[in-house]
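Chemist: Okay, handing you the structure first.
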Amino acid sequence: MMGQIKILSFVILMIASSNTYLQANTLTAKIQIMLNELNFNAGPEDGIYGNKTKTALESFYQKNKNSFDGKLSQNEFDDILLEMPKGFTNEDLILKASINRHKDSFIKNTLNLENYNNEVNQLIQKLFNEAQGQLSMSDNSNQLETDESENERS
């Protein structure tokens, strides 16, 4: 029973930790690209809204005498786009995002959420099956020990 609780806890932990990657999106990646182009360190342009991206946004708004509400939305995208150099176009942004996507397979997988969800589910199922197999081996071992103890008492 305790082993099953451990397995269930592990599976829940895996699902919860994968949520971060599931939240990766192209709007966030575009904002990260623009912030990095403007020399605000938003970290990797992976579409994941983490501490570096938040700090870069706060610095951007502080420099532009505004405050950041902590929520990432189209408003932030529009504000940053206004500060981009005149020659910077949406096509530049798409090209840079595309280059990054091909450069880093992790980004490519997280932005393709359907495949990513399937991969995560397959991994969780595999880990669950392996853990169940280990639990079965443990139960069999415990049963053998119980049988041996009963034989010794007889």
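Chemist: Kindly list, by first and then second residue, each pair from a residue in segment 75-93 that is touching a residue at least 12 places away in the same chain (Cβ under 8 Å) to a residue that is of a type in the set (Val, Ile, Thr) and surrounded by 10 or more Cβ atoms within 10 Å (Cβ to Cβ), limited to pairs with Cβ atoms under 9 Å and residues at least 6 apart or on different chains.
Modeler: So the pair list comes out as 76/31; 77/31; 80/31; 93/33.
Chemist: Can you tell me which residue among 16, 29 is part of a helix (DSSP H, G or I), within 30 Å of residue 125 (Cβ to Cβ) and at pLDDT 70 or above?
Modeler: Within the list 16, 29, the selection yields 29.
Chemist: If a residue must be under 16 Å from residue 36 (Cα atoms) and either of a type in the set (S, T, N, Q) or in contact with a Phe, Trp or Tyr (Cβ under 9 Å, 6 or more places away or on another chain) (or both), how many such residues does segment 73-90 contain?
Modeler: 7
Chemist: Please work out which residue is nearest to the chain's Cα centre (by Cα), limiting yourself to segment 56-100 and to residues that are within 15 Å of residue 40 (Cβ to Cβ) and aliphatic (A, V, I, L, M).
Modeler: Checked segment 56-100; the qualifying residue nearest to the chain's Cα centre (by Cα) is 72.
The values are calculated or read from the model by the stated rules, or taken from the named source; none is laboratory data. Note that the structure is predicted; figures quoted are calculated from it, not measured. Cβ coordinates were reconstructed from backbone atoms using ideal geometry, including for glycine residues, and neighbour counts include every protein chain displayed.
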